[in-house]
Amino acid sequence: QVQLVESGGGLVQAGGSLRLSCAASETIFSIMTMGWYRQAPGEQRELVAIATTGGRTNYADSVKGRFTISRDSAKNTVYLQMNSLKPEDTAVYYCRVSSWGNEYWGQGTQVTVSS
């Protein structure tokens, strides 16, 4: 069974940067989208950024201009570069990969931004 393994979370001061990575344990065929979501305590999970196989990307308004999603198809890996982090970015970040008939979620990585 495919597993998504996330890394790169941690504690950072406001204004700092982190880079999240999400690697699939094996090749995922017919990928449609690769994306990042986040969930803060007491909040619903929300979309942060998503990239399609066609190269299109979409971002939540709250992260536009600060976060960048990228993917390395050869490595089945998706990245999230997060700059100018704010305390309100504090959450557990999850990666998600969708393919024809399937979706996969990572276990989540904690990002904490101190003020």
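Overview of results
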| quantity | calculated |
| --- | --- |
| Fraction of accessible area attributable to carbon and sulfur, the chain (%, probe 1.4 Å) | 46 |
| Mean accessible surface per residue for the chain, computed with a 1.4 Å probe while every protein chain stays in place, in Å² | 54 |
| For the stretch 74-96 versus the stretch 12-68, the gap between their alpha-carbon centres in whole angstrom | 5 |
| Beta bridges by DSSP in the stretch 3-115, antiparallel share as percent, to the nearest 5 | 90 |
| Check: the chain dipole with +1 on Lys, Arg Cβ and -1 on Asp, Glu Cβ, in debye | 240 |
| Computed over the chain: relative contact order in percent, which uses C-alpha pairs under 8 Å that are six or more apart | 37 |
| Candidates per chymotrypsin sites (Phe, Trp or Tyr not before Pro) in the stretch 1-97, loop by DSSP, up to 14 other Cβ within 10 Å | PHE29 |
| Given charges at Cβ of Lys, Arg, Asp, Glu: the stretch 1-87 dipole, positive-most of GLY35, SER73, ALA14 | ALA14 |
| Alpha-carbon gyration tensor eigenvalues x 5, square-rooted, for the chain, Å | 23, 14, 13 |
| Relative contact order (%) - criterion: Cα under 8 Å, at least six apart; region: the stretch 58-111 | 24 |
| Relative contact order, percent, the stretch 1-50 [alpha-carbon distance under 8 Å, six or more residues apart] | 29 |
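The values are calculated or read from the model by the stated rules, or taken from the named source; none is laboratory data. On a predicted model such as this, the values are computed, not experimentally measured, just so you know. Note that each Cβ is placed from the backbone with ideal geometry, even for glycine, and that neighbours are counted across all protein chains shown. Heavy atoms of the whole protein, side chains included, go into the accessibility calculation; ligands, DNA and RNA do not. Shrake-Rupley method; radii C 1.70, N 1.55, O 1.52, S 1.80 Å.
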